[in-house]
Amino acid sequence: MTSVPDTIPGTLHADQAVDAGLRAELARGDMALSTLTPVLTHFLNTQDRSLFSDSIIARVRGMLRSASYRLLRVEADEVGANDAFAYAEARADALGEELARHAAFLGHCHALSIEWQLADRLRARNGIDPVLSPLLQSLISSDDAELSDAAMGTLAAQARFIEQQKRMEMPLAELPEDQFANFIGVWRRQRDDVSEDLAAMVEGRIRDMRAENEARLSLLARTVEGLGRRTDVALSLTHAGAALFLTTLARKAEQERDIAVVSTNDRQLVRFALSLRAAGLSPAEARAQLRCLHPDATMPAAIEHVSTADARALLESSPFGHSE
């Protein structure tokens, strides 16, 4: 496990108004993040629901099994199984359990479930459509053909994502490349009876399927990139919606998207506030986004005095604080 740095970033000096308590709060948030995967793994295998809601546990478990079943259906086709459904069903639970031991994959599924909950909360509290946000609607009608195309693709992908989350599904085509590689690695280790030739054929077929349509996260990134210097318009939860907001926040604060998603949890208020400042929002703008997410929360006073550069430096000092 990566340890939490004891020193402050070199860009921060004693004469700057950065409260030591802010660094301590970030470190406490780091500790919570470092224990998230083993704790989630534990609750996936027990009936205790004191730390994670039934909804989160069920959705993560459903995604693990869905991804496993989909890969095994391809394997069943390649081996010529008489009943591909039964073949996959008989093996999906074991592969899903093995996959649950892989921290990065489990963390990605957890982040997706949190993102879905956030989108649903914005719909209930603010009337923001989880598929078509006001910003996305305006981008679809943009005169910029490339941006409009990316926005249209994002609309379709977001609609699929919401339905997939309702069904607790994890399509293999939607996995980021690193998570897909993780999954294939877990499957190959768990199924030592699968020959190298068969493994290569199964992986090749799935890669062909993945190439047929651009993944949601890629479309979101392309849409945000298409905004160019106007990306600040996507740093409003109520205007951009959860998906575009989180993608923009991660990009501008130089954070992994999954970490940006998890920072919306009420135990990560300092990380979320620092990310907002690192993304370039003023203290007032950051406070507005924090209250949109957590109406009763108060932004730490020290955040008011942290510059964009210093916020990035503080986040960079965290073991979870940067994108690859």
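Using only the Cα atoms of region 261-324, build the gyration tensor, take square roots of its eigenvalues as a ≥ b ≥ c, and label the shape rounded, prolate or oblate: rounded if a/c is under 1.5, else prolate if a/b is larger than b/c, else oblate. Because a/c hits 1.5 or more and a/b fails to exceed b/c, region 261-324 counts as oblate.
Taking every alpha-carbon pair under 8 Å whose residues sit at least 6 apart, region 28-316 reaches a relative contact order of 18 percent. Amide hydrogen proximity for His294: with H placed 1.01 Å from N in the peptide plane, no residue at 5 or more positions away or on another chain lies under 5 Å. Have a look at Ala211, Leu147, Asn126 and report the one farthest towards the positive end of the charge dipole of region 114-219, computed about the Cα centre with Cβ charges (Lys/Arg +1, Asp/Glu -1). My answer, from the dipole projection, is Asn126. Amide H contacts under 5 Å for Glu256: His322, Ser323, restricted to partners 5 or more places along the chain or on a different chain, H placed in the peptide plane at 1.01 Å from N. For Met170, nonlocal amide neighbours, meaning residues 5 or more places apart or on other chains whose placed amide H falls under 5 Å from its own, are Ser66, Ala67. Rounded to the nearest whole Hz, the Karplus-based 3J(HN,Hα) values (6.51 cos²θ - 1.76 cosθ + 1.60, θ = phi - 60°) of region 225-240 follow the sequence 4, x, 6, x, 6, 9, 4, 4, 5, 8, 8, 10, 4, 6, 8, 8, with x at glycine and proline.
FYI, it's all coordinate maths here, none of it is from the lab. Only a predicted model underlies this, so the values are computations on that prediction, with no experimental measurement involved. FYI the Cβ positions are ideal-geometry reconstructions off the backbone, even for glycines, and counts take in every protein chain you see.
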